[in-house]
Amino acid sequence: MGNKVVTKGKYRIGFDLGGTKMMVALFDADFKILASHREKLKSRSGPKTGIEQLTEAISQTLADAAVKPEQLAGIGLGCPGQVDLDKGVIIEAPNLGWRDVPLKQLLEKIFNCPVVITNDVDAGTYGEYIFGAGKGGRCVLGVFPGTGIGGACVYDGHLIRGKSGSCLEIGHIQVQSDGPLCGCGRRGCIEAIASRLAISAQIAMAAFRGSAPHLLEEAGLDLREIRSKTIVRSIEAGDAVVEKIVRDAARKLGNAIASVVNLLAPDIVVLGGGLVEALPKLYQKEVGDAIKSEAMKAFTAELRIEVAKLGDNAGVLGAAALIV
């Protein structure tokens, strides 16, 4: 089956709002990017400053392509945290320091066009479903390990959601009742075990013990410096313990995903995020092997494990495609 988007022959804006950076892109009716803009977000300056920065980025992108706001079919925006999808309100985005921000209402007033607000992982998964690794799927599960672990699912063309907010909090599936403390306040969530942050913490301990000399030389023990590319260089340089830590985490992530496969029976699982992009073969193998080992055979016989194809464009494409 093909995945289709209703277009109106107008332009549309896709916006990916992250905890530290943002990206905006202007698309034509065929989803060709006409102009785009990326910059670091002044996230801790408060929502007023953040919204001003967001608005300026949209205006600049429109100006770069000589498109006026009245030519827009709409603006789609994916953002982190809890979102009231119907009202378009950011209820709480801890990484931004925003609470109860009526973003849909504010942007519609400024640009005088329809605005769709969604969760950032929902937007990325929808982008991969329409244009990328999930294209042609009936049920597509997206899993994005990063600082946390985000999840989303498109079923028969529609994002699965709760009554007013997004769902599929895969990162908070409990896999170890007495496990490490998670940011949500509970113990043993897969996010506390297999996110990039959790992996980096384990690697830092290994480096402290002297087991990862190449990584220690490059990044020291600072978690902020143990990024995806740093981890890859460490593995390539021969830090065997680093590769073992990543493989173990990927397998545990696959075990958690297997439970979701048993519930939803997806035909495609899309893996994304910086660490997956940096180590695609490793993640595809370890996660795929774990899913096929732990999920019911009836649900894995034709299941495809794919690595996301769109990179940073997934969020802006998915957000823009939600405008109908």
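Rule-based calculations on the coordinates, nothing more; no lab input. What you are looking at is a predicted structure, and each value in this text was computed from that prediction instead of being measured. Positions of Cβ are generated from backbone atoms using ideal geometry, with glycine treated the same way; all protein chains shown enter the neighbour counts.
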Select from region 208-230 the residues that are closer than 18 Å to LEU275 by Cβ and not in a helix (DSSP H, G or I) and list them in ascending order. ALA212, ASP222, ILE226, ARG227
It is to be established whether one or more residues within region 239-260 are surrounded by fewer than 22 Cβ atoms within 10 Å (Cβ to Cβ), in contact with a strand residue (DSSP E or B) (Cβ under 7 Å, 6 or more places away or on another chain) and closer than 30 Å to PHE299 by Cβ. yes
Taking LEU96, is it in a loop (DSSP other than H, G, I, E, B), buried (at least 21 other Cβ atoms within 10 Å of the Cβ), in contact with a helix residue (DSSP H, G or I) (Cβ under 6 Å, 6 or more places away or on another chain) and touching a residue at least 60 places away in the same chain (Cβ under 8 Å)? yes
Would you pick out the residues in region 298-324 that are assigned to a helix (DSSP H, G or I) and either without any contact (Cβ under 8 Å) to a residue 40 or more places away in the chain or within 13 Å of GLY272 (Cβ to Cβ) (or both)? ALA298, PHE299, THR300, ASN313, ALA314, GLY315, LEU317, GLY318
Which count do you get for residues in region 66-81 that are buried (at least 16 other Cβ atoms within 10 Å of the Cβ) and either in a strand (DSSP E or B) or out of contact with any helix residue (DSSP H, G or I) (no Cβ under 9 Å at 6 or more places or on another chain) (or both)? 8
If I ask for residues that are in contact with a strand residue (DSSP E or B) (Cβ under 7 Å, 6 or more places away or on another chain), buried (at least 22 other Cβ atoms within 10 Å of the Cβ) and within 16 Å of ALA250 (Cβ to Cβ), which ones from region 152-201 would you list? ILE170, GLY171, ILE190, GLU191, ALA192, ALA194, SER195, ARG196
All positions within region 217-238 that are surrounded by fewer than 16 Cβ atoms within 10 Å (Cβ to Cβ) and closer than 25 Å to GLY311 by Cα: LEU223, ARG224, GLU225, LYS229, GLU236
